[in-house]
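The next block holds one structure in the form of structure tokens; read it before the comments.
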Amino acid sequence: MAPIVVIRDLIKEYSGRRALDGVSLEINEGEIFGLIGPNGAGKTTALRVLSTIIKPTSGYAEVCGKDIVKEGSAVRKLISYLPEEAGAYPNLSGYEYLRFMASFYYGNGGEIKAALAEGERISGLGDRMRDKTSTYSKGMRRRLLLARTLMVRPRLAILDEPTSGLDVTHAFHLRNVIKSYSKEHDTTVLLSSHNMLEVEYLCDRVAFINEGRIVEVGSPSGLRARHEAANLEEAFVKVVRVA
Amino acid sequence: MPKGLRLLIAKEVKDLLRDPKILIGLILFPALLLPLMGAAINVSTWSTIEKASGNLTAYIIDDDGGSVVEDLQRYASENWINLTVTSGNPADVVKTLEGGGTIVYVPAGFSQNVTSNTVGSLILYTNFKEFSIVEFIKAQRVSDLISAFEDAVVKNKVEGSMPGSDPNSVLNPISVEHESVIKGTAQPISPTLLQSVVRLQGLMGPLVIMIVLILAMQVAATSMAVEKEAKTLETLLTIPVSRLSILFGKLVGSVAIALLATIANVLAFTYYIGALTSQMSTGAAGSDLISLGLVPSVQGYLVLGLTLFGALISALALALTLGTLSQDVRGAQSIIGIIIVPVFLPTIFLMMGDISTLPAAIQLVLYLIPFTYPVLASQALITGNYGPILLGLVYMAVFTFATLYIAARVFSTEKVMTARLAFRRKGRREV
Ligand SMILES: Nc1ncnc2c1ncn2[C@@H]1O[C@H](COP(=O)(O)OP(=O)(O)O)[C@@H](O)[C@H]1O
Ligand SMILES: [Mg+2]
């Protein structure tokens with residue numbers, strides 16, 4: 001089966017400085033793929049290029065065979081993206097926010113209702129869905145936004161640091177939602193993280209990214225074994241030191 | 001209309017209307033504040049007038065003792081002013097009076113002079129303490145009383161020397177009526193009155209235009225900044241909706257809110273002006289442009305509509321483009337603070353007069369500012385002077401398309417996300 005995401009020699013420069021320096025990757029349908037690396041490694045840049053927000057300086061990438069540069073609007077129908085720093089419209093309720101977002105994806109009221117019901121379930125926010133999002137805590141807002149990302153049944157969900165900066169309970173909830181949703185709907189998930197332990201729990205395969213380059217790809221257990229490391233954190237440090 | 005655009009406009013209007021910054025700052029505040037000010041002015045003027053208009057006591061120091069002084073005292077009491085006789089040096093006595101208190105000083109020989117057809121002099125001493133309106137009204141009432149008494153003396157003399165004649169026609173032998181021909185029709189109105197009516201109307205148009213433009217720019221820049229501050233823009237850029245729809249959603253949403261805010265402002269402003277002018281009876285009451293035959297033409301409204309539309313769209317495109325540079329609402333407000341200057345300059349310069357009377361350099365600057373043309377068009381509704389405006393229409397069309405094009409460029413590239421003003425040092429950034 002052809003990979004759902006193909007990335008070849010992707011380069012992104014910001015005023016001459018390379019944030020991505022020749023990234024190549026393939027992601028298979030149905031897997032949870034983790035992009036891990038320290039702050040400034042280029043994770044957000046890579047996910048933004050794939051989400052059609054920014055254009056690559058050179059290189060090629062496709063989602064389900066659609067070129068992210070030439071067929072941007074087709075790609076946007078297939079993906080759903082959760083930015084690293086995202087918010088909801090402060091004056092809308094959580095429910096109104098989900099309904100607004102769902103309306104872009106579906107033509108009829110029945111489909112929108114179904115997506116909304118799914119979103120409410122995923123968020124687990126209950127009655128608080130009727131309150132303005134400006135009254136939400138950071139964790140609640142993140143849950144709403146993850147629900148927004150997944151309720152539209154994307155072929156590819158792109159999640160930039162989905163649990164970063166959240167307390168244990170909210171992070172735990174989000175991780176479980178991501179894992180069970182992906183298994184239930186066979187949805188491909190590409191997520192980034194600098195939390196190696198989280199990735200170890202969530203991901204089927206991971207790529208290490210450092211200074212804009214992919215330095216290693218494999219399954220968490222395979223990478224541990226290859227580098228004789230107790231966990232991914234140790235494996236990452238060993239890889240980066242060698243590279 | 002594409003569905004995405006419709007959804008975005010609906011969201012924009014809903015979100016903006018619920019935003020306290022917009023709702024309170026742009027709509028409720030002016031809608032309540034101006035009428036309140038108007039009402040306050042009303043209340044304070046009326047209470048002042050009541051205070052000053054009752055029975056008034058003034059004083060008289062009579063060094064003459066003649067018959068004319070007796071007539072004056074009788075005349076005063078018929079007109080609700082009690083002239084109480086006192087004595088002493090008037091310049092000293094007046095200091096002991098309350099604020100607005102007045103002494104009529106009658107020097108010796110006054111009655112003699114008046115009856116023998118030479119001029120008799122009086123001196124009015126008034127004590128001012130607070131310079132309040134009440135003090136001035138009191139002083140004025142005594143002064144008016146003397147003038148009215150003088151008229152009565154004159155009429156008396158005319159009757160005495162020309163028995164059987166009407167003193168009014170003797171004193172005003174020539175009467176003038178005005179027929180001002182306005183657009184081919186004669187109207188019974190004096191040039192002075194006509195001028196004040198036209199001025200008032202010529203003032204309102206530019207003011208309203210300025211209010212609409214500034215409000216719309218504020219709304220647009222704020223909505224863009226809210227999108228950045230609340231970090232909702234990045235998500236919006238990845239959902240299945242075109243970037244142009246996002247731009248036009250903001251444009252149309254801002255126009256809708258700005259129109260609402262304008263209606264609130266104009267109603268409030270009209271009420272306020274009404275409260276003000278009801279205190280100053282100009283004599284122009286009832287004379288509006290329509291009844292004077294100054295009916296603006298359909299083409300005039302068309303030109304006004306076109307220039308206003310162009311100005312609104314280009315102002316919004318500018319505000320949205322600049323709004324992408326700011327990271328938060330405060331930043332956006334300060335940017336707007338700068339770009340509203342070209343919006344109110346034309347209004348300030350043209351409110352009081354005609355562009356052709358301004359110095360050439362200022363004229364040139366005004367003609368280069370696209371926001372001048374709707375102001376000129378609003379004045380042309382009355383003056384019919386469309387010369388410079390028709391050329392301006394072409395210029396405005398070019399300007400509008402240019403600003404829209406720039407906004408569309410900014411929105412369709414990643415600049416909408418990454419652009420920012422270099423407030424911070426380069427190279428430093430938190431990710
Ligand atoms: N808009 C931008 N302009 C200039 N440089 C940027 C911009 N965004 C990111 N960078 C730089 O690109 C590099 C990669 O950043 P990023 O992709 O955000 O890293 P990560 O998400 O892995 O922390 C960093 O050095 C960052 O400073
Ligand atoms: Mg990042």
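Quick check on this structure: which one of B:S245, B:S161, B:S165, B:S169 is of a type in the set (S, T, N, Q), over 34 Å from the mean Cα position of the chain (by Cα) and within 14 Å of chain A (Cβ to nearest Cβ)? Spell out how you get there, then give the answer.
Details: B:S161 fails: within 14 Å of chain A (Cβ to nearest Cβ); B:S165 fails: within 14 Å of chain A (Cβ to nearest Cβ); B:S169 fails: within 14 Å of chain A (Cβ to nearest Cβ).
Only one candidate qualifies: B:S245.
State yes or no: is A:T149 among the polar types (S, T, N, Q), within 26 Å of B:E227 (Cα to Cα) and crowded, with 22+ Cβ neighbours inside 10 Å?
Answer is yes for this residue.
Would you call B:T347 closer than 21 Å to B:G310 by Cβ, among the hydroxyl-bearing types (S, T, Y) and at pLDDT below 90?
Yes, satisfied.
Considering only residues of segment B:115-139 that are in contact with a Gly (Cβ under 6 Å, 6 or more places away or on another chain) and not in a helix (DSSP H, G or I), which is surrounded by the fewest Cβ atoms within 10 Å (Cβ to Cβ)?
Per the stated criteria, the residue is B:E130.
Would you check which residues across segment B:140-185 are open to solvent by 70 Å² or more (accessible area, probe 1.4 Å), in the same structural domain as B:Q73 (by TED's automatic domain parsing) and in contact with a Ser or Thr (Cβ under 8 Å, 6 or more places away or on another chain) and list them?
B:E159
Would you please name the residue that is farthest from ligand 2 (Cβ to nearest atom), looking only at residues in segment A:49-78 that are closer than 30 Å to B:T222 by Cβ and in contact with a Pro (Cβ under 8 Å, 6 or more places away or on another chain)?
Start the filter on segment A:49-78 by keeping residues that are closer than 30 Å to B:T222 by Cβ, which leaves A:51-55, A:72-73, A:76.
Among the residues that remain, those that are also in contact with a Pro (Cβ under 8 Å, 6 or more places away or on another chain) are: A:73, A:76.
On the way: A:S73: 25, A:R76: 21 Å.
Ranking the qualifying residues of segment A:49-78, first place goes to A:S73.
Within segment A:77-135, track down each residue that is open to solvent by less than 10 Å² (accessible area, probe 1.4 Å), assigned to a loop (DSSP other than H, G, I, E, B) and away from ligand 1 (no atom under 16 Å from the Cβ).
Once the filter is applied, which keeps residues that are open to solvent by less than 10 Å² (accessible area, probe 1.4 Å), assigned to a loop (DSSP other than H, G, I, E, B) and away from ligand 1 (no atom under 16 Å from the Cβ), segment A:77-135 yields A:G87, A:A88, A:Y89, A:L92.
Can you pull out the residues in segment B:27-51 that are open to solvent by less than 40 Å² (accessible area, probe 1.4 Å) and either hydrophobic (A, V, I, L, M, F, W, C) or at pLDDT 75 or above (or both)?
B:I27, B:A31, B:L34, B:A39
Would you say A:K70 is free of Cβ contacts under 8 Å to residues at least 12 places away in the same chain and more than 16 Å from ligand 1 (Cβ to nearest atom)?
yes
So which helices (runs of 4 or more DSSP H) stay within segment B:1-114 end to end and still have 1 or more residues that are more than 14 Å from chain A (Cβ to nearest Cβ)?
Answer list for segment B:1-114: B:29-53, B:67-78, B:90-93.
Out of everything in segment B:316-369 that is of a type in the set (S, T, N, Q) and in contact (Cβ under 8 Å) with a residue 40 or more places away in the chain, what residue ends up being nearest to B:P206 (Cα to Cα)?
Result: B:T347.
Provide a single number: the residues in segment A:1-36 that are within 16 Å of ligand 1 (Cβ to nearest atom) and either at positive phi or of a type outside the set (S, T, Y) (or both).
19
Pairs under 7 Å by beta carbon, first residue within 7 Å of chain B (Cβ to nearest Cβ) in segment A:80-91, partner among the aromatic types (F, W, Y), six or more apart or different chains?
Correct list of pairs: A:A88/A:Y97; A:Y89/A:Y97.
Within segment A:37-58, which residues are within 8 Å of ligand 1 (Cβ to nearest atom), in contact with a helix residue (DSSP H, G or I) (Cβ under 9 Å, 6 or more places away or on another chain) and open to solvent by 20 Å² or more (accessible area, probe 1.4 Å)?
The answer is A:P38, A:R48.
Among (1) surrounded by fewer than 18 Cβ atoms within 10 Å (Cβ to Cβ); (2) more than 16 Å from ligand 1 (Cβ to nearest atom); (3) under 15 Å from the mean Cα position of the chain (by Cα), which single condition is A:V242 missing?
(3)
So for segment A:164-180 (the condition being out of contact with any Gly (no Cβ under 9 Å at 6 or more places or on another chain), closer than 28 Å to A:C64 by Cβ and within 16 Å of ligand 2 (Cβ to nearest atom)), does at least one residue qualify?
Yes, because at least one residue in segment A:164-180 is out of contact with any Gly (no Cβ under 9 Å at 6 or more places or on another chain), closer than 28 Å to A:C64 by Cβ and within 16 Å of ligand 2 (Cβ to nearest atom).
Are any residues in segment B:186-242 more than 37 Å from the chain's Cα centre (by Cα) and open to solvent by 40 Å² or more (accessible area, probe 1.4 Å), and if so, which ones?
Of everything in segment B:186-242, those that are more than 37 Å from the chain's Cα centre (by Cα) and open to solvent by 40 Å² or more (accessible area, probe 1.4 Å) turn out to be B:K231, B:S242.
Looking only at residues in segment A:212-243 that are of a type in the set (D, E, K, R) and touching a residue at least 12 places away in the same chain (Cβ under 8 Å), which one is nearest to A:S24 (Cα to Cα)?
A:R213
Among the residues that make up segment B:407-427, is at least one of them at pLDDT below 85, open to solvent by 40 Å² or more (accessible area, probe 1.4 Å), within 16 Å of ligand 2 (Cβ to nearest atom) and part of a helix (DSSP H, G or I)?
Yes, segment B:407-427 contains a residue that is at pLDDT below 85, open to solvent by 40 Å² or more (accessible area, probe 1.4 Å), within 16 Å of ligand 2 (Cβ to nearest atom) and part of a helix (DSSP H, G or I).
Please go through segment A:1-41 and pick out each residue that is within 19 Å of A:G218 (Cα to Cα), within 13 Å of ligand 2 (Cβ to nearest atom) and assigned to a loop (DSSP other than H, G, I, E, B).
Once the filter is applied, which keeps residues that are within 19 Å of A:G218 (Cα to Cα), within 13 Å of ligand 2 (Cβ to nearest atom) and assigned to a loop (DSSP other than H, G, I, E, B), segment A:1-41 yields A:G37, A:P38, A:A41.
A:A61: among the small types (G, A, S), over 11 Å from the mean Cα position of the chain (by Cα), more than 10 Å from ligand 1 (Cβ to nearest atom) and part of a strand (DSSP E or B), yes or no? Reasoning before the result, please.
Details: among the small types (G, A, S): yes; over 11 Å from the mean Cα position of the chain (by Cα): yes; more than 10 Å from ligand 1 (Cβ to nearest atom): yes; part of a strand (DSSP E or B): yes.
Yes; evaluated as a whole, the condition is true for this residue.
Kindly list the number of the only condition in (1) among the charged types (D, E, K, R); (2) within 27 Å of A:T44 (Cβ to Cβ); (3) not assigned by TED's automatic domain parsing to the domain that holds B:A377 that fails for B:K250.
Only one criterion in (1) among the charged types (D, E, K, R); (2) within 27 Å of A:T44 (Cβ to Cβ); (3) not assigned by TED's automatic domain parsing to the domain that holds B:A377 is unmet by B:K250, namely (3).
The values are calculated or read from the model by the stated rules, or taken from the named source; none is laboratory data. Everything numeric here is computed off the predicted structure, so don't read it as measured data. Quick reminder, even Gly has a Cβ in these numbers, built from the backbone with ideal geometry, and neighbours come from all protein chains shown. These accessible areas exclude ligands, DNA and RNA; they are computed on the full protein's heavy atoms, side chains included. Shrake-Rupley method; radii C 1.70, N 1.55, O 1.52, S 1.80 Å.
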